[in-house]
Amino acid sequence: MEEINRRIPHRPPFLFIDEILEITESGARASLLVKPDFPFFEGHYPGNPIMPGVLLCESVFQTGAVFLADALKDESLTDESVTPVLSRIRDARFKRLVLPGDKVEISVSLTERMGKFFNLTGEIRNKDKVSLTISFALALVKSEGN
């Protein structure tokens, strides 16, 4: 968890990766154990809890932010005054449910960089089957006070 906290600003209860598995030149892999006591399960859906699709997407976006933090560590863009912000979502496809107790693997790959904008694709696999595919863009944004 410390490794994640060093790379991205997200913190519980809005942190949806719990282990970094790999970071390469072109992408990253992380995982999340979907704990039955996550508070959102109380309302999504009582008696039939399902991991919300928007939070699955968020776990992909956070894995992308981990990748950017590592990929850009030698550039001046990664000081504490810069935050990775979602700037575009394209073509999200939900293929299988994710349930309490599942351990999912999240992967992202960089497809294109244009200045401070990064286009990526992401995928979540659950029990070796695809649960989500998505294309998205992250932008590096300077904090308001800087």
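The long axis of helix 53-71 is offset from the longest Cα principal axis of the chain by roughly 30 degrees. Normalise the Debye intensity by I(0) for the chain, one equal point scatterer per Cα, no solvent, then take log10 at q = 0.20 Å⁻¹ and round to two decimals. Debye intensities relative to I(0), on a log10 scale: -1.23. Here the chain is assigned +1 on the Cβ of each Lys and Arg and -1 on the Cβ of each Asp and Glu. Its dipole about the Cα centre then comes out at about 520 debye.
Straight-line reach from Lys142: taking Cα to Cα under 28 Å and skipping same-chain neighbours fewer than 8 places apart, the lysines in range are Lys73, Lys116.
Listed by chain and number, the lysines whose alpha-carbon sits under 18 Å from that of Lys103, ignoring those within fewer than 8 places in the same chain, are Lys35, Lys95, Lys127, Lys129.
Tell me, in nm to one decimal, what length is gained between Leu33 and Arg6 on full extension, where the rule is 0.36 nm per residue of separation less the Cα-Cα distance? Each step should come with its number before you reach the end.
Working: separation 27, 0.36 × 27 = 9.72 nm, distance 2.01 nm.
Here the segment from Leu33 to Arg6 would lengthen by 7.7 nm.
From helices alone, the chain scores -5500 deg cm²/dmol at 222 nm; the rule is -39500 (n - 2.57) for each run of n ≥ 4 DSSP H residues, then divide by the residue total.
No value in this document is a laboratory result; all are computed from the given coordinates. What you see is a predicted model; the values in this text were computed from it and never measured. Reconstructed Cβ throughout: ideal geometry from the backbone, glycine too, with neighbour counts over all protein chains shown.
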